[in-house]
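Reviewing the structure listed below.
Quick note: the coordinates plus some simple rules give every number you see, no bench work behind them. Predicted, not measured: the structure shown is a model, and the values here were computed from it. A quick note on method: Cβ atoms are made from the backbone with ideal geometry, for glycine too, and the neighbour counts reach across all protein chains shown.
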Amino acid sequence: MEFKIGVLQRTEVFQKSLCNWAYLFGTALAVKLTFAPLAWRLSANTGNSAKKHIFPRQDQQDNVFCLSRGKAEQENLVNPVNPVKKIEDRFCQRNSTMNHLKHNNSSALLPKKIWIDLDNSPHVPLFKPIIDELSRRGYEVMLTARDCFQVCGLGDLLGLCYKRIGRHYGKNKILKVLGLFVRVVELAPTALRERPDFALSHGSRSQLLLSSILRIPSCIMGDYEYTQGLVLINPDWVIFPEMIPDDAINLSGERIRKYPGLKEDIYVPNFKPDHEILPMLGLTQNDLIATIRPPATEAHYHNSESDKLFYAVVEFLGHHSLVRMVILPRNEKKQTALVRNTWPEWCATGKIIIPDHVVNGLDLIWYSDFVISGGGTMNREAAALGVPVYSIFRGKIGAVDRYLSNTGRLTLIESAEDIPQKIVQARRNRPPRVKNANRSTLQTIVDHIEEMLKN
């Protein structure tokens with residue numbers, strides 16, 4: 001036993017050391033590959049040395065980011081030479097205001113450009129109203145999206161205009177580190193061409209590293225204080241919920257901004273339920289519906305205890321005659337196959353439903369009688385909508401979840417014994433609309449972003 005423990009400890013130390021070396025090597029490689037095209041650009045603009053960024057801002061840009069797949073198909077932007085070519089590689093023209101400014105050579109009047117990177121599926125509904133509000137206030141927004149966890153599918157569903165760049169490299173720590181730098185290199189040409197004034201994301205490490213290299217002012221939003229950041233690299237600002245104390249955030253106080261409520265309060269107030277979600281999934285109003293989100297097995301904060309609770313929850317609900325479970329796998333292939341192989345009979349009879357396409361999570365939550373999730377966002381969306389919700393997340397409980405638990409808006413499932421004792425299998429009395437929505441969150445966050453841009 002002592003020998004096995006010693007081997008495991010040495011293996012863990014070796015893997016951590018290898019990750020650190022990969023991080024240093026990747027940083028050097030990313031800088032080298034990023035600055036290779038940059039050197040030529042600087043040599044062509046030697047008279048513009050006193051710029052805010054490492055590259056000069058120009059107004060002779062003819063294109064911005066691609067249309068989402070659905071919108072591109074509607075506007076017939078398929079490549080006539082190569083119909084198989086991905087639609088996301090096409091570019092859409094600037095809006096009429098930008099064309100007017102460029103035509104009049106009024107570069108001084110060009111609005112500041114904000115680069116938002118969609119790194120994970122919860123970021124899509126989160127940034128949609130922020131994008132709309134920034135555009136309403138006169139800012140230009142460019143979007144990049146990582147092709148993983150249904151990010152691009154949700155972007156298409158919400159009609160966002162984005163550029164698809166990079167993918168996920170699995171849960172192996174070494175591949176995660178290498179994948180980080182691969183995406184930095186993939187993002188670099190787009191950032192160099194578009195020259196954003198400001199970088200914003202909800203924890204995109206690739207964007208943060210590239211912004212640091214190119215000296216683009218950056219801001220990271222977050223709502224979980226235990227997320228791992230980058231070694232020796234911090235954003236210029238962060239935006240967190242008020243319930244997370246400053247001393248839990250690894251940044252000086254003058255660079256921390258706060259907002260009231262939950263991040264889900266940014267988009268929940270404008271939510272309008274679509275009852276078509278039920279027949280789309282083969283459900284009726286008479287079904288007792290439980291929406292279940294499995295644990296994030298590839299996340300750095302994953303705890304295997306969550307997997308055991310997920311299995312126990314499905315087994316428990318599966319033996320309730322009226323309950324129908326809608327399971328939303330995070331990984332379209334691996335987790336879907338796991339569920340189908342583990343409970344083939346329930347999947348065949350419709351006891352378990354796995355959507356075969358991207359669905360609006362808020363619609364599904366709203367028409368559910370209760371929600372069980374192994375992650376943060378769906379739990380908080382349910383809490384914001386007033387739907388009973390149970391968390392099987394077994395990592396470090398953050399301040400937001402602790403707040404929701406203490407106020408009775410979230411129930412923590414901490415062991416298999418809690419499942420029959422705490423989960424209430426009953427129909428909920430669904431109100432006609434969302435109650436007590438916090439409408440100040442969005443305006444507060446966009447005000448913070450404007451303040452950062454002015455500074």
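So what is log10(I(q)/I(0)) for the stretch 273-422 at q = 0.09, 0.18, 0.19, 0.21 1/Å, when the Debye sum runs over its Cα atoms only? Once normalised to I(0) and log-transformed, intensities are -0.25, -1.10, -1.24, -1.53. Note on ALA348 and MET280: their simple-model spin labels are 2.9 nm apart, each label 7 Å out from Cα toward Cβ. Each of ASP197, ASP401 has some number of other Cβ atoms within 10 Å of its Cβ, and from fewest to most they run ASP197, ASP401. Taking amide H as placed 1.01 Å from N in the peptide plane, the amide H of ARG394 sits under 5 Å from that of ASN303, SER306, each at least 5 places away or on another chain.
Under a 5 Å amide H cut-off, with hydrogens placed 1.01 Å from N, GLY261 pairs with GLU242 among residues at least 5 apart or on other chains. Computed from backbone phi, the HN-Hα couplings of the stretch 354-361 come to 10, x, 8, 8, 5, 10, 6, x Hz, rounded to whole numbers (Karplus: 6.51 cos²θ - 1.76 cosθ + 1.60, θ = phi - 60°; Gly and Pro given as x).
When a footprinting reagent is the concern and you count Cβ atoms within 10 Å, what order do GLU194, GLU450 take, fewest first?
With the sparsest Cβ surroundings first, the list reads GLU450, GLU194.
Checking the cross-link pairs LYS258/LYS308; LYS173/LYS454; LYS163/LYS308; LYS128/LYS258; LYS113/LYS258 against a 28 Å limit on the alpha carbon distance flags LYS258/LYS308; LYS173/LYS454; LYS163/LYS308 as lying beyond it. The label point for THR407 and the one for ASN341, both projected 7 Å from the Cα toward the Cβ, are 4.2 nm apart. Each of HIS320, HIS448 was scored by other Cβ atoms within 10 Å of its Cβ. Listed from fewest to most, they are HIS320, HIS448.
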